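Asker: My questions all concern the structure below.
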Amino acid sequence: DRTPMTVHFRVVGASVAEQVRPEDRIFNVDPRGSGESSAALTFEIGERAHFAGHISAFSGQRLKTLKKAAANPSVTTMLVYSLEDGYAGALGTEIKPGTTYFLRRAGNSWQILNSWDQPPKT
């Protein structure tokens, strides 16, 4: 597919696949998405890291799920495509809409490792 966000999902997923470690457990955050970003991520990372779950528009209790994943020490990395109220606070990071972020756990907080501007909405 050549839609701008689908291309973005694939490019970001390929980049993240080069940055993860075999012991990483990655959680995908896209509460405004259909789940397509998670499908692209799992395809791109293959067996390079473990997929630890996701949040999409179809997930129930999205903020609660994010807080639970963020507090789970086995989740070592997160890929954040979209936000809802309370997400930046739950992650303790300066993240903003319109940018995709790759985060790594640093003790009890999250560090931005990489970011990508998202394509303009059409």
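This table checks each residue for (1) out of contact with any helix residue (DSSP H, G or I) (no Cβ under 6 Å at 6 or more places or on another chain); (2) in a loop (DSSP other than H, G, I, E, B); (3) not charged (D, E, K, R).
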residue	(1), (2), (3)
LYS68	yes, no, no
SER82	yes, yes, yes
ALA88	yes, no, yes
GLU94	yes, yes, no
THR100	no, no, yes
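Asker: Among the residues of segment 9-17, is there at least one that is crowded, with 22+ Cβ neighbours inside 10 Å and more than 18 Å from PRO119 (Cβ to Cβ)?
Answerer: no
Asker: Answer yes or no as to whether ALA71 is more than 13 Å from the chain's Cα centre (by Cα), loosely packed, with under 15 Cβ neighbours inside 10 Å and of a type in the set (A, V, I, L, M, F, W, C).
Answerer: Taking the combined requirement at face value, the residue satisfies it.
Asker: Please go through segment 13-46 and give me each residue that is in a helix (DSSP H, G or I), out of contact with any Leu (no Cβ under 7 Å at 6 or more places or on another chain) and in contact (Cβ under 8 Å) with a residue 40 or more places away in the chain, ordered by number.
Answerer: Answer for segment 13-46, where residues must be in a helix (DSSP H, G or I), out of contact with any Leu (no Cβ under 7 Å at 6 or more places or on another chain) and in contact (Cβ under 8 Å) with a residue 40 or more places away in the chain: SER15, SER37.
Asker: Find all pairs meeting these conditions: Cβ atoms under 7 angstrom apart; at least six residues apart or on different chains; first residue within segment 104-119 and part of a strand (DSSP E or B); second residue modelled with pLDDT of 95 or more and among the aromatic types (Phe, Trp, Tyr).
Answerer: Listed pairs, sorted by first residue: ILE112/TYR101; LEU113/PHE102; ASN114/PHE102; SER115/TYR101.
Asker: Counting only residues that are part of a helix (DSSP H, G or I) and either among the acidic types (Asp, Glu) or within 22 Å of VAL11 (Cβ to Cβ) (or both), how many does segment 47-66 have?
Answerer: The qualifying residues number 0.
The values are calculated or read from the model by the stated rules, or taken from the named source; none is laboratory data. None of the values given here were measured: they were computed from a predicted structure. FYI the Cβ positions are ideal-geometry reconstructions off the backbone, even for glycines, and counts take in every protein chain you see.
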